[in-house]
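Derivation of every value follows stated rules applied to the coordinates shown; laboratory data play no part. Every value quoted in this text rests on a predicted model; they were computed, and no experiment measured them. Here the Cβ positions follow ideal geometry from the backbone for every residue, glycine too, while neighbour counts run over all protein chains shown.
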Amino acid sequence: MKRKKMNKMGELLVGLQVSFIRNNTKVIGKIIKALDRSAIIEISEEDADKIESPSILTVVNHSNYKIIMNQGTIN
């Protein structure tokens with residue numbers, strides 16, 4: 001049952017723009033897949049370089065990002 005709930009929640013999260021801190025740098029990205037405890041987030045090549053990531057895809061725990069709304073963020 002829990003897996004079904006996450007699948008529904010995951011569908012709602014995919015495509016949302018989020019922000020998170022990595023290596024003391026604020027990063028903006030888009031959720032491309034939601035997992036049970038984390039999300040796979042696509043970031044810009046520029047941000048990947050700033051945080052010294054070899055990829056534009058990174059994994060972030062759900063508790064470590066904020067969803068960006070039109071005028072602000074929600075926790």
> Which ³J(HN,Hα) values, rounded to whole Hz and listed in residue order, are derived for the stretch 56-64 from phi using the Karplus coefficients 6.51, -1.76 and 1.60 in 6.51 cos²θ - 1.76 cosθ + 1.60 with θ = phi - 60°, glycine and proline given as x?
Replying inline: 8, 10, 9, 9, 10, 4, 4, 7, 10
> Between L16 and residues 5 or more places away or on another chain, which pairs have amide H atoms under 5 Å apart, with H built 1.01 Å from N, and which residues are they?
Replying inline: I31
> If the chain between I56 and L35 were fully stretched, how many nm would it gain, using 0.36 nm times the residue separation less the Cα-Cα distance?
Replying inline: 5.8 nm
>> Tell me the net charge near N61. Cut-off is 15 Å between Cβ atoms, N61 excluded, with +1 for each Lys or Arg and -1 for each Asp or Glu.
In response: +3
> Say R0 is 22 Å: what FRET efficiency, to the nearest 0.05, do S19 and D49 get from their beta-carbon distance?
Replying inline: 0.80
>> Net charge around A48, counting only other residues with Cβ within less than 11 Å of its Cβ (Lys, Arg = +1; Asp, Glu = -1)?
In response: -4
